[in-house]
1. Let a ≥ b ≥ c be the square roots of the eigenvalues of the Cα gyration tensor of the stretch B:23-80; is it rounded (a/c under 1.5), or, if not, prolate (a/b larger than b/c) or oblate?
2. Please sort through the DSSP H helices of chain A and keep those with an alpha-carbon extent of at least 15 Å along the long axis and a Kyte-Doolittle average not below -1.0.
3. How high is the relative contact order of the stretch A:1-95, in percent, counting Cα pairs under 8 Å that sit 6 or more residues apart?
4. How high is the relative contact order of the stretch A:99-168? Use alpha-carbon pairs under 8 Å, at least six apart in sequence, and give a whole percent.
5. Can you give the local net charge around B:S131? Use residues other than it whose beta-carbon is closer than 12 angstrom to its beta-carbon, Lys and Arg +1, Asp and Glu -1.
6. At 7 Å along Cα-to-Cβ for each site, give me the label-to-label distance between A:Q131 and A:R115 in nm.
7. How large is log10 of I(q)/I(0) for the stretch A:1-95 at q = 0.16 Å⁻¹ when the intensity is taken from the Debye formula with one equal scatterer per alpha-carbon?
8. Figure the gain on full extension for B:A57 and B:S72 (residue separation times 0.36 nm, minus the Cα-Cα span) and round it to one decimal in nm.
Amino acid sequence: MLQAALMRDDPAAVELLWDRYANDLLAFLKCVLCSIHDAEDVLQMVFVRIVRKRHKLAKARCLEAYVYKIARNEAPGWIRRRKRDRAVRAADESWLVVPKSPDEPGEKLRAALARLPQEQREVIVMKIYRQKTFLEISGFLELPQSTVASRYRYGMEKLRIMLENITL
Amino acid sequence: MKDEHSENWPLENLLTRAHVPEPSPQLKQRITAEARKAWDQTSADIPWQIPLRRLVASAAAAVLIIWLANFSSDYTLAQWRPGSACVATQQPTDFDMLPEMPYGPFAKHMVLVDRRSRVIDASALSDYVESVRRLLDETEQNGVSTPLAPPGGSSRLAPGRADARSYS
């Protein structure tokens, strides 16, 4: 349906694109950038880029892979720009909503996730928070399924070590 | 594998207590509006324009390169002055008579070097001859002549060698 709308060059495809990819892409970008505001700005850039390249997208075999590729290409450029302007970086820590109760180790969990290498963090976030399978994640990231699984495993091991003094 | 799953379970349970926030309706409105704007700006006839633009750009680049090469060549020739007539009227050397040889450019280079060195030698030689002639003239004018035979008519040969002819 989305691909057909793109083929027809129908502007309604924008809504379809949003419904299909916005949630997953935003979660992905939040975990890559560890910032809700940056993720929203990059999501806008990604959507504009997708719309400009809609003719290629219409012919793409795997829409998801194409869309995530655009997101993966946009995010590093944003990170480079953000490094140049460190003042913006410090403000935003709300990319992951953690429970407010005092007995929950929410802040430590968010900090531990932020300390993980990006490639491990993105797999964990996609798996836990977007309920994607390893097969789906491997399709999005254009990686072998075994690589995705091992990234998840190593990431979880690191998280366990970082959170070991917290009662799980 | 089962152990690993059971090991991960408490951590996964902890992770699922947090969540990644969904995109807000305002964000949807903002991004879809930007995307629609981008949609309108990029017209549908772009796909066939892209190769045409690339072709025009390549042709322009080729023309520019050729023009620059011609300009550089003309400029270099304008700067060049023919060498001395001596070099210009050199008779072809044996190297020129030779049929096509391997290492042709190198051999030609050697011929050129040889010609240059000969020109330098000829001028040096003429200077030398001139200085010798001047010396001889001065000597003649002074009326000093070198003795052809030692005074007293005695032979320059060593006394013991006087009968050396008898051996031949």
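All of the numbers you see were taken from the coordinates with simple rules; none came from a lab. All figures in this text were calculated on a predicted structure; none of them were measured in a lab. Reconstructed Cβ throughout: ideal geometry from the backbone, glycine too, with neighbour counts over all protein chains shown.
1. Cα axes put the stretch B:23-80 in the prolate bin.
2. Values: long enough: A:13-33 (27 Å, 0.82); A:36-52 (24 Å, 0.58); A:63-84 (33 Å, -1.09); A:118-129 (16 Å, -0.37); A:145-162 (26 Å, -0.64).
Qualifying helices: A:13-33, A:36-52, A:118-129, A:145-162.
3. 34 percent
4. 37 percent.
5. Net local charge, B:S131 excluded: -2.
6. Label-label distance for A:Q131 and A:R115, simple model: 3.1 nm.
7. So the normalised log intensities are -0.65.
8. Working: separation 15, 0.36 × 15 = 5.40 nm, distance 2.23 nm.
So the extension gain works out to 3.2 nm.
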